[in-house]
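Written below as structure tokens is the structure these notes are about.
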Amino acid sequence: MTGILHVKTDVRVPSPRAEPPGPAVLQTGPLRVHRRPEIACVAIVGLGYVGLPTALALHRRGIGVVGVDVSRARIDAISNGRVDLLPEELANLDRALEDPDFRITSDSATIAEADAVIICVPTPVDAHSNPDLRALSGACAAVVERAREGQVIILTSTSYVGCTNDFLAAPLAERGLRAGENIHVAFSPERIDPGIPEHQHTRTPRVLGAMTAECTQRALQVVELITERVHPVSSAEVAEMTKLYENTFRAVTLALANEFAGICRALDLDAVEVTDAAATKPYGFLACYPGPGVGGHCIPCDPHYLLWQLRKMRTPAPLIARAMAGIAERPHHVVARAVEVMSDLGRGMSGAEVLVVGVAYKPGVQDVRETPALEIIPALERRGARVSYHDPLVPTMRLNDGRVIAADPGAARREWDLVLLHTVHPNHDYSWVSRNPIVLDATYRFADLPQRHVV
């Protein structure tokens, strides 16, 4: 979460690592007006949860768009409108697909046609929480190979500090394309909050840092097309660290919220009521609510990029490391609590029929990347439970072991030994949950259920 940034339209962009400005100097002689090239076409590399909304935002501004994605399945899904977008964005997609100036393709050669290129590919972590840079490396290599003089290239994918130089500026220089001279390179991290209409990315301020002041000015032309407010900073590295700080802050706060939930349970207090009360303070407190764990594309991953870089530098970050360990442990804590609840009621987990309600990583989305359910379901199975799931937005999901499981279409009509509330989506009926004898509420939102237990 970020505060609102008010950026003046006449903002002076600082040069990278510039010294504090001295006295103003009056420029004499005739004023020379530099006309910048118009941005008529933008290539979006990666059409996922960031790239596709970005492409649609540019299309609404009358900009030609070439969307490039290596996945034919993704291209087909977009072409058929089978994508996870808010209703308003789905309508925008329908209109865009009818426009010949909005093209989607798997052919990366089309990158050379664009005046600007925006790279929006995922930056996950591997099984050991180390950065998985394959998608980023491949996308940047494709862009570098096809880059031409005069282009503006903007990286939005979260990574370590220095990645814009390592993956773009330095390889481009080897081709004779030097940032700030005959090509322009910048970093402007995405700030998209999927499934939350109130947090429209076009209204969320964007941070922008670049390799030179001229790069910043040219990249500003592009970023201003997709958001109402831009906050320029002195370098790409500052912008890279800004995004890492944002999501690390969120990770630490969520880890604290989950820990406080356990403290509240020990003291027989309602964690949500306590959080709501604390949130009435108009300053100095950010309301974060507990849950079954932390999922999605950013918070479980991005701080590990920072920790990975710091380990290489032998620079400790104990608070961040402990928070990320707490986030990693949370799904296992949920399972341990489920076993404890069943045991306290004289029930064993072996052979128990368990229903996980909701498997998406957050309400209102179909996304199951890094969702805690990916760890909770197999862990319950290892304890002998027969586990099914119910999620109106996720008909099937692939577990980490490669198995594909499907939602139980009759889950609401059955009685389960244990119902684990993991994710509840808006505008869906969950009243049937009350018919079940034991409910473990990892959402902390069903306080009126008499048979409810919390994590």
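FYI, it's all coordinate maths here, none of it is from the lab. Nothing here was measured: the structure is a model prediction, and the numbers come from that model. Here Cβ is always computed from backbone atoms with ideal geometry, including for glycine, and neighbour counts include all displayed protein chains.
Tabulated results
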{"item": "Loop sites in the stretch 225-255: GluC sites (Glu not before Pro), DSSP, at most 12 other Cβ within 10 Å", "result": "Glu228"}
{"item": "Loop-located GluC sites (Glu not before Pro) in the stretch 76-123, at most 13 other Cβ atoms within 10 Å (DSSP)", "result": "Glu98"}
{"item": "Packing-based exposure ordering (other Cβ within 10 Å, fewest first) of His297, His128", "result": "His128, His297"}
{"item": "Ranked Tyr245, Tyr444, criterion: other C-beta atoms within 10 Å, fewest first", "result": "Tyr245, Tyr444"}
{"item": "Sites Glu214 and Arg60, calculated FRET efficiency, Cβ-Cβ separation with R0 35 Å, nearest 0.05", "result": "0.80"}
{"item": "Nearest-ten-degree value, helix 236-266 long axis tilted from longest Cα axis of the chain", "result": "10 degrees"}
{"item": "Angle in degrees between helix 134-146 and the longest Cα principal axis of the chain, rounded to the nearest 10", "result": "20 degrees"}
{"item": "Pair Arg414, Thr315: separation of 7 Å Cα→Cβ label points (nm)", "result": "5.2 nm"}
{"item": "In the stretch 356-442, the GluC sites (Glu not before Pro) that fall in loop regions by DSSP, at most 12 other Cβ within 10 Å", "result": "Glu415"}
{"item": "Using a Förster distance of 51 Å, the FRET efficiency for Glu149-Glu259 (Cβ separation, nearest 0.05)", "result": "0.45"}
{"item": "Potential extension, Arg435-Arg403 segment - 0.36 nm per residue separation minus Cα distance", "result": "8.5 nm"}
{"item": "Hz values of 3J(HN,Hα) by residue in the stretch 43-48 - Karplus curve (6.51, -1.76, 1.60), Gly and Pro given as x", "result": "8, 10, 9, x, 10, x"}
{"item": "Computed magnitude of the charge dipole of the stretch 41-234 (debye, nearest 20; Cβ of K, R +1, Cβ of D, E -1)", "result": "180 debye"}
{"item": "Simple Cβ-charge dipole of the chain, Lys/Arg +1 and Asp/Glu -1, about Cα centre, in debye nearest 20", "result": "680 debye"}
{"item": "Cα long-axis angle, helix 87-97 against the chain (0 to 90 degrees, to the nearest 10)", "result": "40 degrees"}
{"item": "Kirkwood hydrodynamic radius of the chain, Cα pairs, Å", "result": "24.0 Å"}
{"item": "Taking Lys312, Lys362, Lys243 and counting other C-beta atoms within 10 Å, the order from fewest to most", "result": "Lys312, Lys362, Lys243"}
{"item": "Computed label-point distance, nm, for sites Arg382 and Glu98 using a 7 Å Cα→Cβ extension", "result": "5.3 nm"}
{"item": "Share, in percent, of DSSP beta bridges within the chain that are antiparallel, nearest 5", "result": "15 percent"}
{"item": "Amide H contacts of Arg206 (H built 1.01 Å from N, under 5 Å, at least 5 apart or other chain)", "result": "Arg229, Val230, His231"}
{"item": "Semi-axes of the equivalent ellipsoid for the stretch 86-216, Cα gyration tensor, largest first, Å", "result": "25, 20, 16"}
{"item": "Rg(Cα) / (2.2 N^0.38 Å) computed for the stretch 291-454, rounded to two decimals", "result": "1.10"}
{"item": "For Arg452, residues with placed amide H under 5 Å, excluding near neighbours", "result": "none"}
{"item": "Theoretical FRET efficiency, 1/(1+(r/R0)^6), r = Cβ-Cβ of Gln221 and His333, R0 51 Å, to 0.05", "result": "0.60"}
{"item": "Within-12-Å neighbourhood charge of Ile327 [Cβ basis; K, R +1; D, E -1]", "result": "-2"}
{"item": "Mean ellipticity per residue at 222 nm, deg cm²/dmol - from DSSP H runs of n ≥ 4 across the chain, formula -39500 (n - 2.57)", "result": "-10000 deg cm²/dmol"}
{"item": "Extension gain (nm, one decimal) between Ala112 and Ala266, 0.36 nm per residue minus Cα-Cα", "result": "49.4 nm"}
{"item": "Among Pro194, Gly176, Phe102 the positive-end extreme of the charge dipole of the stretch 41-234 (Cβ point charges)", "result": "Gly176"}
